[in-house]
Amino acid sequence: MKKLIYYILNYIFFHSFESKIIKILKDKKKLVIFDVGCFRGTFSRKILHLIKKRKFKFYLFDVNKNTKRYISDLLLSKHFRFNEVALSNKNGTAEFNYNSFFESSGSSLSSLYRSDTKWVLSRKLILKILLQNTKDFTKYKVFTSTLDTFVKKNNIKSIDILKVDIEGSEYEFLKGARNTLKKNKVKIILIEINDKKKNYKKKEKKIISFLEKKNFIFLNKHMNHSVALFSNVKSGDYLFINKKEA
């Protein structure tokens, strides 16, 4: 039931940039895609459908213990590699906040959603109405790595699409990607920005400024209005392109 709810909400409320991204990269014969915070692989599946006969390599990242099972069909292909590690600003370990009552929302290294009582209570109420379980958030330890370390260790020459959906810890991720971005290894970035409503403009400006200094142009954004309903949190998807690709 919760899987169905996830797909319905994703279809109704969340805007898709996938077609625009593939249009920008229409002349690329081989694509390297990083899906950071892949969960059920929704983004990767959409991209896979759009690239058709082109060559590709997907690197998927998530520390949700159920993700490997959710994307098992994708992993049958040698062109998909799953990495059970959280990309952040350091190499080591960290505590992961896992949303037991609705894992697709708020699960993150950040406690942003977990600490928002209004967000938690309103979502639990909706699930209770739908006769679903409403367990609390739990924590468990996960391995972390910077994008810079992963790219160097795996000899990644370039990343055509870097999608980041990690529910609040996106700035920490970017700090761990400084060298990769500075060297113009990334062509397109689709990143979800999350923060408390009162701090949102400041974080939005901070991330846009950070990426502009790394040679990126801000193209477009789409606010995820369902996140802001009955909560103190705000969220939006932001699309950037490297100046060399514009």
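What does the charge count near Asn194 come to, summing +1 for each Lys or Arg and -1 for each Asp or Glu among other residues with Cβ under 14 Å from its Cβ?
+1
In what order do Leu125, Leu147 fall by count of nearby beta-carbon atoms within 10 Å, going from fewest to most?
Leu125, Leu147
Percent antiparallel among DSSP beta bridges with both residues in the chain, to the nearest 5?
55 percent
Residue separation times 0.36 nm, minus the C-alpha to C-alpha distance between Lys65 and Asn179: what's the value?
38.1 nm
Pick from Phe173, Phe102, Phe56: which is most flexible by mean-square fluctuation in a GNM of the chain where alpha carbon atoms under 10 Å apart are linked?
The residue that fluctuates most here is Phe56.
Please arrange Leu121, Leu130 by how many other C-beta atoms lie within 10 Å of their C-beta, fewest to most.
Leu130, Leu121
Could you work out the percent of alpha carbon pairs in the range 85-154 separated by over 21 Å, rounded to a whole number?
Every Cα pair in the range 85-154 considered, those over 21 Å come to 37 percent.
Take Asn155 and Ala94, extend 7 Å from each Cα along the Cα→Cβ direction, and tell me the distance between the two endpoints in nm.
2.9 nm
Using a 10 angstrom cutoff on alpha carbons, build the Gaussian network for the chain and name the most mobile of Ser209, Ser235, Ser169.
With Cα springs under 10 Å in the chain, the top fluctuation among Ser209, Ser235, Ser169 is at Ser209.
Calculate the length of the line joining the C-alpha centroid of the range 174-246 to that of the range 74-131, in whole Å.
Rounded to whole Å, the Cα centres lie 19 Å apart.
Computed FRET efficiency, Cβ-Cβ of Leu50 and Asp136, R0 30 Å: what is it to the nearest 0.05?
The computed FRET efficiency comes out at 0.20.
As an exercise, use a Förster radius of 30 Å and the Cβ-Cβ distance of Lys201 and Arg81 to find the FRET efficiency, rounded to the nearest 0.05.
Rounded to the nearest 0.05, the efficiency is 0.25.
Normalise the Cα radius of gyration of the chain by 2.2 N^0.38 Å (N = residues in it) and let me know the number.
Relative to the rule-of-thumb radius for its length, the chain sits at 0.97.
Every number here is computed from the coordinates shown, using simple stated rules; none is lab data. What you are looking at is a predicted structure, and each value in this text was computed from that prediction instead of being measured. Cβ coordinates were reconstructed from backbone atoms using ideal geometry, including for glycine residues, and neighbour counts include every protein chain displayed.
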